[in-house]
Each structure stands twice: as structure tokens, then as C-alpha cells.
Amino acid sequence: MSLSNQKPALIISAGICGLLIGIALFAPWLAPYDPSAGNLLDRLMPPFWQEGGSSQYLLGTDVLGRDILSRLLYGTRISLAVSLISIAIAAVIGSTLGIIAGYLGGWVESIIMRLVDIAVSLPAILLALLFGVLFGPSFSNIIIIIGFLLWSQFARMARGETLKVKQSDYIDLARTAGCSSLDIMFRHVLPNVAASLIILATLQVGTVIIIEASLSFLGVGVPPPTAAWGSMIAEGRSYVISAWWIAMFPGVAIMFTVIAANVLGDELTDLINPALRNEIGI
Amino acid sequence: MIGYLIKRLAELIVALLIMSLLVFSLARLTGDPVALLLSDYATEEERSVLTQQLGLDKPLTEQYAIFIKAALQGDFGNSISGNRQPAMELVLERLPASLLLASAAMIISLLAGVPMGVIAAARRGAKTDILIRVFTLLGQSIPVFWLGMVFIYFFSVQLGWLPTSGYGSFSHLILPATSMALFTIAAITRLTRVSMIDALSSEYIKLARIKGLPERVIIWKHALRNSLIPLVTYMGTFFAMMITGAVVIETVFSWPGIGRLAYQSILDRDFPVMQAVVLTTTLLFMLANFVVDLIYVWIDPRIER
């Protein structure tokens, strides 16, 4: 029995995620056109199967005559890069604080966990919009904003998991052997809570892609002319009636990517640590 | 228990203060408010009069104190665009539309999500369960603003059944409320399913089965009652989703609520309105969360974090 027989969903979703990463990496070679340069003579061309469409632009063109397919392929880069980098930042900051809180306890824990509670009770979208306006829309700003929205969940989980391993014998042993707290936290606790944190990170990918798309849709994401799926949908909004394809395809791309990421996250949870399901909840 | 509630209340107040500090500094950091409020042809004298009126010549800490004092009385100044309505008046005017949309979405989510979660759990592994799980997966993977546009394309443009946007009648409410609800329906279904599966394998359900109670009563009465508690815990998360939903869905459907007002004021850099709408929304959000805490403590008095 191989893994592929037992877990078709895991294999398929991992395959699709791999494919998407491949598209993001090789977008310049895959895309038939420059994503941000249009040909105004070919504006608002429908996809090839519709009347007036041509095989030159398989998924049609937008209002500036830019090739939708090329923009979709390049958009993969933004969605994946934003989610991977912002989750990585949130995971590092949140897990560090969570492990410190869980291991040291006392007033350090109180302060960190109060901060987490406060961060959770701020309305995220308003915060993101405010920051977006204050610092201006840019690739690095959207990563900082999203990272800021996510760190608290990593802190909560890292603390909870740390409390569980803190009682184990090997931690006691390490302490009697004279290891410093810092050593124990990052050499002995971290490797034992890492699996849960990685699962949480995987489960966040879908959410972050949707947050990024929403912010780009509202105009505080990665600024034009860079192709991002959310801003492509925003650009197609005024043409829903006359040129449905501008907004339709990026939405489908988001949907497929998020489904693949969510299924992969779920399957990994089941594979590595099914008990986490209840803790993560939604 | 009382101690827990006081702690939560203190946290909420700190969160509100952070938010107020943020919107206050935002208005000071991104350009000169005097230049925004006056026309380009204003004289130097007009400028200094307004600077004094707004207290901009005072130290920042004092300015913040003045801002908070006025904010507590609901005074954020006048909108800088349109007919210069008081900012708070604008917010209060738009609030009912948002509350209507959000409660409609919440009712739809509960009416659809809870039964679907119960049915999926009761038929665990069967076709119905798989179908419902595929639906929740879709619901959590489709961006709501895009779904709203797809709805407009099919139901308004192609079929002509419902209006594309606007406000006023029941038919205006259907599309925005349904698209806003999709994500929460999926979340509630998933949550109900998981806790129902838990409940159905517990001792008291076994006892009820031994007693020979009909399966229908066991599922919909005994198991469901206990499965609703986790839903309460996640209410705060659902409120947050509703605020996010309000901003994007109100924008897509031109719904005259505070979500769109918040977005518009941030884009226009209409600072008085932005401050009023952001702080009002934060306050409502936090009050809602506090009420959830109260309900939670009331349901489960053991709570102590």
C-alpha cells in the first residue's frame, strides 16, 4: 500500500499546490505576453471560444488590452509570495512570544497573552485599511499588515503546546543538566511544538490569499500595474455586464488555489496531529 | 468569574484606546489637516485661526486629550466632503442599513449552517455528509466580493430577477445578504458538525439511546443543545467576519452602510468621518464581544482563563 492509495486528497492537493508554486516561479517563461503592457488595439477581447475572441489571447484581454492569461499567471506570484512571507513573519514572531509565554509563565506570560487578547479584539479589516492608507499600498506593506493580523494565533497555539511539553521528563532533564532557559525553549521545546505550528501555517495560506485579494480589491494591496488577482477583479467590476471575463477568471483562480491550500491543510492535520482539529476550530 | 469579566472589560478598553490613538495619529501623520479643511486660496490669517480652533498649536498629548474628550461626546468634527455634515451624524445615518444587512446575513448563516452541520454529523461518512463538506470547502474558498459580482451577473444581468445594487426593498437585501452569509454558513456548518460528532459519541447520548428515545429527539434535542456552546465561543470571530464582509459587500452592492462609509472615508482621507466610523465600529465590535463573554460565563460558569 502506498501513500497515494490511502490519501488521494492529500496527493492531489499537494500536487496542485506544487503546480501553483511552479507557475509562480516560471511565470515569465509561461506567460505569452508582458502582464503590464497592453495593446490598446486589442482591448476587451473575449476569450477564444466566444465570438470575436482569438487564439492569440486565450482568456481575452482587459480594458487596457492586456492579456488576462499572462496577468493570471503573474498574479500567482503575488498571492503565493504575500501569503508565504507574511505567514512566515507571523509564525516567527507569534511562536517566539508564545513559547516564551508558555515556558516562563508568571508576569511575562500575563503581558504577552493580554497583548494577544487585545490584538484579537481589534477589527482586522479596518486596521488593514488604515495601515494601507497611512503607509501607502506596496508589496512590503501588505506583508507587514497581514503578518500583524496573524501573529496572535501563532502565539496562542505555541503557548498552549508549550504548556503541554513543559511538564515532560526530557525538559526536566535538560533543566537539571544545566541548560539555560533560552536553550531549552529553542532547542528542546521548539522542535516538539513545530509540527503543530506548521499545520497552523498551512491552514492560514487559504485565509491569507483571500485577505490579500480583498485588500487588493479595495485598492490597498499591491499597487497597479502589477497583476494581483484581487485588483484584477476590481478592474473588471465596471465591466461585469460587457466583459465578464475580466473579473471571472481571477476569481476562479483564487477559488482553486484556496481550495487546494485548504484541503492540503486539512489532510496534513489529519496526518500529523488530528487532535489539533478541535483546537483550531474553524 | 467577576474577575474574569473585569479583566476582559479592561482589555477591551485598552484595545479601544489603541484604536483611538491610531486614528488620531493617522490624521496628524498623513498631511496637514488645515490644508485639507481650507481651500488653496485661504489666507495666512484664516490658516492660523483654524489652527488655533483645532488646537493644532498645542502639544500632541494635549491634542489627544482634546480629541478623546470630544470623541466621548460623539463630536468628531464635520465631514470635509459633500455638504460638511457632522461626522457622527453621517455614521448614525448609515448604521441602520449595516445592522440590517449584518443581521440578515447572520440569520441566514444560522438557519442554514446549524441544520447542515447537524445533518452532516448524523449521517457521518454518507453521501449527504460528503456533499455538505464539499459545500463548506467551497464556502470558505470563494472570495465574497467576487461571489457578489457573480450573483449580480447571473441574477440581475442575465436573469433580471433582482436589482444589481441599491437599498430600500426586500429584493435589494437578498443578494448582498446571501453573498455575505456564504463564508459564515460554511464556518458554522463545520463547527456544528465537529461538535455534534463529539456530542453524539458521549455517554449521555448512549444513555438516551438505551432509554429508547427516538433518534430524531436524540439528535435535534439532546445532542444539538450541547453542541451550540462552541458556537457561542466563536461568535466574536463571526462578528469580525461580518465587519470584513460589510466593507467589501457594501462596496460591491453600493449598500449605504458604515462599511462602505469607512472605505470611502479612508480613500477620500475624510479624517473626521474616518475617525467616527472606525471608532464606532470598534466600539460596537467590542460591546458585541463583551456580550458574548457574558453569555459564555452564564452558560459555563467554570470559565477561568
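The values are calculated or read from the model by the stated rules, or taken from the named source; none is laboratory data. As the structure is a prediction and not an experimental result, all values here were calculated from the model. With ideal geometry, Cβ positions are generated from the backbone for all residues, glycine too; neighbour counts draw on all protein chains shown. Note: areas computed on protein heavy atoms with side chains; ligands, DNA, RNA excluded. Shrake-Rupley method; radii C 1.70, N 1.55, O 1.52, S 1.80 Å.
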Are any residues in the stretch A:1-58 farther than 24 Å from A:Val82 by Cα and modelled with pLDDT of 85 or more, and if so, which ones? A:Ile11
Pairs please, first residue from the stretch B:89-102 and within 20 Å of B:Ser169 (Cα to Cα) and touching a residue at least 60 places away in the same chain (Cβ under 8 Å), second anywhere and β-branched (Val, Ile, Thr) and crowded, with 17+ Cβ neighbours inside 10 Å, Cβ atoms under 6 Å, 6+ apart in sequence or on different chains. B:Arg94/B:Ile258; B:Leu95/B:Ile258; B:Ser98/B:Ile258
Considering the stretch B:19-33 alone, what residues qualify as being at pLDDT 75 or above, surrounded by 15 or more Cβ atoms within 10 Å (Cβ to Cβ) and within 9 Å of chain A (Cβ to nearest Cβ)? B:Met19, B:Leu22, B:Val23, B:Leu26
Of the conditions (1) in contact (Cβ under 8 Å) with a residue 12 or more places away in the chain; (2) within 12 Å of chain B (Cβ to nearest Cβ); (3) in a loop (DSSP other than H, G, I, E, B), A:Ile241 fails just one. Which one is it? (1)
Say whether the condition of being open to solvent by 60 Å² or more (accessible area, probe 1.4 Å), more than 10 Å from chain A (Cβ to nearest Cβ) and more than 17 Å from the chain's Cα centre (by Cα) is met by at least one residue in the stretch B:97-109. no
Looking at the stretch A:119-141, which of the residues that are hydrophobic (A, V, I, L, M, F, W, C), surrounded by fewer than 20 Cβ atoms within 10 Å (Cβ to Cβ) and free of Cβ contacts under 8 Å to residues at least 12 places away in the same chain is nearest to the other protein chains (Cβ to nearest Cβ)? A:Leu134
Any hit, the stretch A:168-186, residues being in contact with a Phe, Trp or Tyr (Cβ under 6 Å, 6 or more places away or on another chain), away from chain B (no Cβ under 14 Å) and surrounded by 17 or more Cβ atoms within 10 Å (Cβ to Cβ): yes
Which members of the stretch B:138-183 meet the condition of being within 14 Å of chain A (Cβ to nearest Cβ), modelled with pLDDT of 85 or more, touching a helix residue (DSSP H, G or I) at 6+ places or on another chain (Cβ under 7 Å) and open to solvent by 40 Å² or more (accessible area, probe 1.4 Å)? B:Phe151, B:Phe183
Just to be sure, is A:Ser95 under 30 Å from A:Ile23 (Cα atoms) and of a type in the set (Ser, Thr, Tyr)? no
Are any residues in the stretch A:77-86 in contact with a helix residue (DSSP H, G or I) (Cβ under 7 Å, 6 or more places away or on another chain) and surrounded by 24 or more Cβ atoms within 10 Å (Cβ to Cβ), and if so, which ones? A:Ser79, A:Val82, A:Ser83, A:Ser86
Quick check: is even one residue across the stretch B:234-252 away from every other protein chain (no Cβ under 11 Å) and over 17 Å from the mean Cα position of the chain (by Cα)? no
Residue under evaluation A:Ile111, criteria (1) buried (at least 19 other Cβ atoms within 10 Å of the Cβ); (2) within 13 Å of chain B (Cβ to nearest Cβ); (3) closer than 18 Å to A:Met185 by Cβ, criterion not met: (1)
Unmet criterion (only one of (1) at pLDDT 85 or above; (2) within 9 Å of chain B (Cβ to nearest Cβ); (3) within 18 Å of A:Ser36 (Cβ to Cβ)) for A:Met232: (2)
Determine whether A:Val258 is in a helix (DSSP H, G or I), closer than 13 Å to B:Ser141 by Cα and at the interface with chain B (Cβ under 8 Å from one of its Cβ atoms). yes
I'm checking my understanding of the structure. Among residues of the stretch A:244-255 that are farther than 27 Å from A:Gly136 by Cβ and not in a loop (DSSP other than H, G, I, E, B), which one is modelled with the lowest pLDDT? A:Trp245
Going through the stretch A:174-217 in order, the residues found to be aromatic (Phe, Trp, Tyr) and modelled with pLDDT under 85 are A:Phe186
Filter the stretch B:48-90 for residues that are at pLDDT below 80, hydroxyl-bearing (Ser, Thr, Tyr) and not in a helix (DSSP H, G or I) and give the result. B:Ser81
Residue check: is A:Leu200 among the aliphatic types (A, V, I, L, M), out of contact with any strand residue (DSSP E or B) (no Cβ under 8 Å at 6 or more places or on another chain), more than 14 Å from chain B (Cβ to nearest Cβ) and not in a loop (DSSP other than H, G, I, E, B)? yes
Restricting attention to the stretch B:271-286, report how many residues are within 11 Å of chain A (Cβ to nearest Cβ) and touching a residue at least 40 places away in the same chain (Cβ under 8 Å). 11
Would you check which residues across the stretch A:217-229 are within 10 Å of another protein chain (Cβ to nearest Cβ), over 14 Å from the mean Cα position of the chain (by Cα) and touching a residue at least 60 places away in the same chain (Cβ under 8 Å) and list them? A:Leu218, A:Gly219, A:Val220
Filter the stretch A:42-56 down to the residues that are among the acidic types (Asp, Glu) and open to solvent by 40 Å² or more (accessible area, probe 1.4 Å) and list them by number. A:Glu51
For A:Arg71, the lone unmet condition from (1) among the charged types (D, E, K, R); (2) open to solvent by 20 Å² or more (accessible area, probe 1.4 Å); (3) closer than 22 Å to A:Ala37 by Cα is (2)
Given the conditions (1) without any contact (Cβ under 8 Å) to a residue 60 or more places away in the chain; (2) in contact with a Lys or Arg (Cβ under 8 Å, 6 or more places away or on another chain); (3) in a helix (DSSP H, G or I), every one holds for A:Gly98 apart from (1)
